[in-house]
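The structure under discussion appears below in the form of structure tokens.
Read-outs throughout are calculated quantities, based only on the coordinates presented, and are distinct from any laboratory measurement. Here the structure is a predicted model, which is why all the values come from computation and not from measurement. Cβ placement follows ideal geometry from the backbone for every residue including glycine, while neighbour counts extend to all protein chains displayed.
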Amino acid sequence: MKNKFDLTGKTAIVTGGGSGIGRAIATTLAEQGATSLILDLSLEGAQSVAKEIEANGGKAEAHPCDVSDHENVKGAFSKALGNRSLDILVNNAGIAHVGNIFNTTPEDLDRIYQVNIKGVFNTLQAGVESMKAKGGAIVNISSIAAHVGLSDRLAYSTSKGAVHAMTLSVAKDCLGHGIRCNSISPGRVHTPFVDGFLAKAYPGNEKEMFETLSKTQPIGRMGKPDEIGDLVLYLCADESSFITGSDFSIDGGFLTLNT
Ligand code: NAP
């Protein structure tokens, strides 16, 4: 009997894998037999996730990488991969911004652009270079913010719309190389990213805002990082071989049931 979603022998890069959703993705891929190469701004976070995976019998490595820096990404991919070619790339690293058209500054937009747009471009370019001979699977983490108008998410929504559009371009450009490229659009998922922006944007009211944000998902709660990891696993595995250029919402009904 063949095990479904088996990634034995595959090499996966997960950016921002030292925290939150990325941590769950790196762990899930390793549980299915992949070697998870965790690339993160914080080497400490990446190392702690790699150690945790290894302690549970999986294979993982931690490498420092600033996705916003083109040369740094090229160097980090080359160092992390060594003689291996890349099979799976998950573009997960991202940052948040709370602001609207009245108060977002050009500097705010530049900061989000550097990580959420240029960062994804940088890792896509390094990733497809390594994958183009043998093929592979790419999953970009977009957001529900790419699909509907949310209050106070101007720069962030702009960046996630770009991730969605880049997914389509890369899927098209890579059809002849056996590289599939898809994106997912999570609703709110409870991670340090959410706790961080609540503390920054709503100091003193974090608990109430957490409840309010939980209820905006029709299912009545935020997502769990492991639930995102399982969808990414499907899109990285051979079982999804007929899927490319698609975006999947994973949002407790946010995009479809909020009537
Ligand atoms: P998180 O807990 O803050 O994790 C993001 C990771 O990315 C952190 O380890 C962070 O490192 C790393 N990172 C930030 N800038 C980087 C850079 N320049 N180079 C390399 N790594 C960098 O966030 P999360 O909630 O897991 O979010 C992960 C992804 O899901 C993001 O793209 C986010 O936009 C998306 N998303 C999240 C939600 C949600 O509700 N949580 C919903 C939809 C989409 P440091 O900690 O060192 O900064």
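Only helical runs count toward this figure. For the chain, summing -39,500 (n - 2.57) over DSSP H runs of n ≥ 4 and dividing by all residues gives -13500 deg cm²/dmol at 222 nm.
Each residue in Met209, Met131 was given a count of other beta-carbon atoms within 10 angstrom of its own, and listing them fewest first yields Met209, Met131. Counting Lys and Arg as +1 and Asp and Glu as -1 over every other residue whose Cβ lies under 12 Å from the Cβ of Asp238, the net charge comes to +1. Maximal additional length on extending the Thr259-Asp195 stretch stands at 20.3 nm, based on 0.36 nm per residue less the C-alpha distance.
Count Lys and Arg as plus one, Asp and Glu as minus one, and take only other residues whose Cβ is under 9 Å from that of Ala60; the net charge is then -1. Rounded to the nearest 0.05, the FRET efficiency derived from the C-beta distance between Thr105 and Asp6 at R0 = 41 Å is 0.30.
Here the contact order of segment 112-246, divided by its residue count and restricted to Cα pairs under 8 Å and six or more residues apart, works out to 28 percent. The packing ranking, built from the mean of other Cβ atoms within 10 Å per residue, places the peptides 156-167, 223-234, 116-127 in the order 116-127, 156-167, 223-234, highest first. For segment 50-67, 3J(HN,Hα) computed residue by residue from phi via the Karplus equation (6.51, -1.76, 1.60; θ = phi - 60°) reads 4, 5, 4, 5, 5, 4, 9, x, x, 10, 7, 9, 10, 9, x, 7, 9, 4 Hz, glycine and proline entered as x. Remark on Phe248: its backbone amide H falls under 5 Å from those of Ser183, Ile184, Ser185, a criterion applied only to residues 5 or more positions apart or on other chains, H modelled at 1.01 Å from N.
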